[in-house]
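Step one of this worksheet: look at the structure below.
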Amino acid sequence: MRGQWVVVRNVRSPLEKFVAIDLVSRKEWGARAPRGSYSTLTSTKGVKVHYTGGRVEPAIVNDHTKCVAMVKSIQNYHMDGNGWLDIGYSMIACPHRKVFVGRGPGHLPAANGPGLNSGHYAVLGLVGNSGLVQPPDAMLHGILDAVDYLREHGGAGKEIKGHRDGYSTDCPGDALYAWVKKGAPRPGDRQPTPPGPPSTHPQWPGRALKYPPIMRGDDVRTWQAQMEKRGWTLDVDGAYGPQSRDVCVGFQQQENLKDDGVVDKATWNASFEAPIT
Ligand SMILES: [Zn+2]
Ligand SMILES: [Zn+2]
């Protein structure tokens, strides 16, 4: 199953549209067989994100075999300690952008808490409350690869939540939860640029103001009023004649625009946007 192709959403570059999820199959990680049959899930509201809740050796970042060992020990704990039929999670993301298949899509997880498992798949990020606490970018990508995979193959809905949403637990830890609350962005995605001061000036009316012959209208008056505000001397009478044209030429020369005396879109916008000198 390694290298299966799924559509990854919310990426901007068309070249990044298809990204392989790097699956670690149950066979590859040496999973024990489940102790019974899973309850079927055909869709969920989304996915809940989890952490281990214990210490994660920071050394796993440099050694994927340690990730495998950790997932196996979690499965043992869930099966032998909790008495569950399998590892509780649907999928597990490690610091190497690899995604372990836990119960997988279409199967009821056990990690969300009683009564909450049919609502969301459960994805574990291999971070804890000590040691490796901050999820590396590759792990965040892995979690989102898992989310995309569960949407594609298991009918997961669009929600991405934390275990603590609706259940009393500190899981998935402050770092992962802060990321979830931010909307679980893909690392490296450009943040939406903060809106600058909104351009509130009147829009170019869509016709070029020029002379001759004399043009009349509110758009002329609006432009004239703006030029007067800028310090030019002209009648604000709504009639674009020789005086308006001369002011326009003077302004265009000052702003290094084509000095043809025509208030086209560029000249209109400059009239409202150029700093007044
Ligand atoms: Zn949890
Ligand atoms: Zn790994």
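All of the numbers you see were taken from the coordinates with simple rules; none came from a lab. This structure is a prediction, so every number in the text was calculated from the model and none was measured. Ideal geometry is used to build each Cβ from the backbone, glycine not excepted, and the neighbour counts take in all protein chains shown.
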Point to revise | Residue in the range 102-113 that is more than 20 Å from residue 176 (Cα to Cα) and outside any loop (DSSP other than H, G, I, E, B) present | key: yes
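Of the residues 108, 144, which single one is hydrophobic (A, V, I, L, M, F, W, C), surrounded by 13 or more Cβ atoms within 10 Å (Cβ to Cβ), away from ligand 1 (no atom under 13 Å from the Cβ) and within 19 Å of residue 78 (Cα to Cα)?
Values: 144 fails: within 19 Å of residue 78 (Cα to Cα).
Every option except 108 fails the conditions.
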Check your understanding: Got a sec? Which of 49, 61, 56, 99 is more than 14 Å from ligand 2 (Cβ to nearest atom), within 21 Å of residue 134 (Cα to Cα) and in contact (Cβ under 8 Å) with a residue 60 or more places away in the chain?
Key -> 49
Revision key, fill the gap. If you go through 138, 146, 156, the only one that is more than 19 Å from residue 173 (Cβ to Cβ) and of a type outside the set (Ser, Thr, Tyr) is 156
Exercise for review: Scan (1) in contact (Cβ under 8 Å) with a residue 12 or more places away in the chain; (2) away from ligand 1 (no atom under 16 Å from the Cβ); (3) surrounded by fewer than 20 Cβ atoms within 10 Å (Cβ to Cβ); (4) over 25 Å from residue 131 (Cα atoms) for the single condition residue 84 breaks and write down its number.
Suggested key: (2)
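Any idea which residue in the range 114-126 is surrounded by the most Cβ atoms within 10 Å (Cβ to Cβ), counting only those that are away from ligand 2 (no atom under 16 Å from the Cβ) and outside any loop (DSSP other than H, G, I, E, B)? Even if it seems obvious, please write down each step before you answer.
Of the range 114-126, the ones away from ligand 2 (no atom under 16 Å from the Cβ) are 114-122.
Subset that is outside any loop (DSSP other than H, G, I, E, B): 120-122.
Values: 120: 27, 121: 34, 122: 28.
Ranking the qualifying residues of the range 114-126, first place goes to 121.
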Exercise for review: Collect the residues in the range 217-253 that are touching a Gly at 6+ places or on another chain (Cβ under 7 Å) and loosely packed, with under 14 Cβ neighbours inside 10 Å, keeping them in residue-number order.
Suggested key: 218
Review point. Looking at (1) touching a helix residue (DSSP H, G or I) at 6+ places or on another chain (Cβ under 6 Å); (2) among the hydroxyl-bearing types (Ser, Thr, Tyr); (3) within 11 Å of ligand 1 (Cβ to nearest atom), which is the one condition that is false for residue 169?
Key: (1)
Review point. So residue 137 fits all but one of (1) free of Cβ contacts under 8 Å to residues at least 12 places away in the same chain; (2) under 21 Å from the mean Cα position of the chain (by Cα); what number is the exception?
Key: (1)
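Within the range 170-180, is there a residue that is more than 30 Å from residue 129 (Cβ to Cβ) and free of Cβ contacts under 8 Å to residues at least 60 places away in the same chain?
We begin by selecting, within the range 170-180, every residue more than 30 Å from residue 129 (Cβ to Cβ); these are none.
Within the range 170-180, not a single residue is more than 30 Å from residue 129 (Cβ to Cβ) and free of Cβ contacts under 8 Å to residues at least 60 places away in the same chain.
Does the range 127-167 hold any residues that are of a type in the set (Val, Ile, Thr) and not in a loop (DSSP other than H, G, I, E, B), and which are they?
Within the range 127-167, 143, 147, 160 meet the criteria.
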